[in-house]
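Report on the following structure.
The values are calculated or read from the model by the stated rules, or taken from the named source; none is laboratory data. Predicted model, so just to flag it, every value in this text is computed and none were measured. All Cβ positions, glycine included, derive from the backbone under ideal geometry; neighbour counts span all protein chains shown. Ligands, DNA and RNA are excluded from the accessible area calculation, which covers all protein heavy atoms including side chains. Shrake-Rupley method; radii C 1.70, N 1.55, O 1.52, S 1.80 Å.
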Amino acid sequence: LNKMKNIRNYFIIACFSLISLNALQAQVSMVYSLGISPQQAPQGHYVFVNRSSPDSEFTFNLSQVKASYFVGAGIRYTMAPFFLMTEAQYNKRSYVYDVVPTSSSFIRSEETIEFNESMHVINVPVSVGVELGIIEVFSGFLPQFIVAHQTDLDQLTGYSDDLKTLRLGWQTGIAAKVNKLRIGLNYKMDANNYADHISINEQQLKLTGRSSRVIGSLSFVF
């Protein structure tokens, strides 16, 4: 019995020693990043609006997500080969919507009216990753805080919106390391659909497809 206790004690001591050694080898670094997301033309299905009022009926669609830029700073905790990283990233997102009047027979006219919308967003990605030589692979949650919002759509009769301050999503990516420099490619997707916060006369204008983007990034780890 004493022998078993001794083995157990040695095992516990060895585990704590290993954890302590890893903790000593762990590194906390600052991360500064820049990124760009290219322009998109989402292939969503348009929705009919005001179908019960032929004189004011139109179709609504997202025609363009403009290119946007990211700038951020954060902290990285590395316990090789694994790491945990979180940042605060500022990003302005801009959207162009098409409104096309129709006739009562649902025939779209040649007239297209464009409306712009923009959101100022603070992204707070929380990533867990692993180092595979010069390559890093990571994934994690993506809380997003809408700090400002502008739209031309408020010119439409019956417009209202329910844009939440906090939105959630997820992100994954891969990066190549060159000393303190990280060159990465990220894919980010929100939990919400395009335009799901917009309503006309209490009709929600949610479009097919979740809000997503690909980001090329450049990070410095010090």
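For the pair SER212 and ILE174, a Förster radius of 22 Å applied to the C-beta separation gives a FRET efficiency near 0.85, rounded to the nearest 0.05. As an exercise, identify the trypsin sites (Lys or Arg not before Pro) in region 117-222 lying in DSSP coil whose Cβ has no more than 13 other Cβ atoms within 10 Å. Sparse-neighbourhood loop trypsin sites (Lys or Arg not before Pro): LYS164, LYS180. Per the Debye calculation on region 29-129 with a single equal scatterer at every Cα and no solvent contribution, log₁₀ I(q)/I(0) for q = 0.16 Å⁻¹ amounts to -0.77.
Of PRO54, PRO101, PRO125, the residue with the greatest mean-square motion in the GNM of the chain, using alpha carbon springs below 10 Å, is PRO54. Note on ALA191 and SER63: the extension gain reaches 44.1 nm, defined as 0.36 nm multiplied by sequence separation minus the Cα-Cα distance. So what's the angle, to the nearest 10 degrees on a 0 to 90 scale, between helix 2-25 and the longest Cα principal axis of the chain? With both axes taken from Cα atoms, the answer is about 60 degrees. Free of any GluC sites (Glu not before Pro) that DSSP assigns to a loop and that have at most 13 other C-beta atoms within 10 Å, the longest stretch within the chain is 1-109.
For PHE141 and GLN43, the difference between the fully extended length at 0.36 nm per residue and the C-alpha to C-alpha distance is 32.7 nm.
Have a look at TRP170, SER199, LEU156 and report the one farthest towards the positive end of the charge dipole of region 106-210, computed about the Cα centre with Cβ charges (Lys/Arg +1, Asp/Glu -1). Of TRP170, SER199, LEU156, it is TRP170. What residues from region 193-213 fall in the zone where the backbone N is under 12 Å from a label point 7 Å along the Cα-to-C-beta line of HIS149? Within reach of a label on HIS149, which here means backbone N under 12 Å from a point 7 Å along Cα→Cβ, region 193-213 contributes 195-199.
Using only DSSP helix segments of four residues or longer, with each worth -39500 (n - 2.57), what per-residue ellipticity at 222 nm results for the chain after dividing by its residue count and rounding to 500? Calculated at 222 nm, the ellipticity per residue is -4000 deg cm²/dmol.
Along the axis of the charge dipole computed for region 76-173 (Cβ charges of +1 for Lys and Arg, -1 for Asp and Glu, origin at the Cα centre), the listed residues PRO143, PRO101, ALA80 are led at the positive end by ALA80.
Once you treat every alpha carbon in region 87-222 as an equal point and sum by Debye, what is log10 I(q)/I(0) at q = 0.09, 0.11, 0.14, 0.22 Å⁻¹? Normalising to I(0) and taking log10 leaves -0.38, -0.53, -0.75, -1.37. Once the Cβ-Cβ distance of LEU84 and GLU202 is raised to the sixth power relative to R0 = 45 Å, the FRET efficiency obtained is 0.55. Summing Cβ point charges (Lys, Arg +1; Asp, Glu -1) relative to the Cα centre of the chain gives a dipole of roughly 1720 debye. Modelled spin-label separation between ALA26 and GLU114, with each label point placed 7 Å from Cα along the Cα-to-Cβ direction: 5.1 nm. For the chain, how many pairs of lysine residues have a Cα-Cα distance under 25 Å, where the two are 8 or more positions apart or belong to different chains? Step by step, the pairs that qualify in the chain add up to 12. Excluding ligands, DNA and RNA, the accessible surface per residue across region 162-222 is 51 Å² with a 1.4 Å probe.
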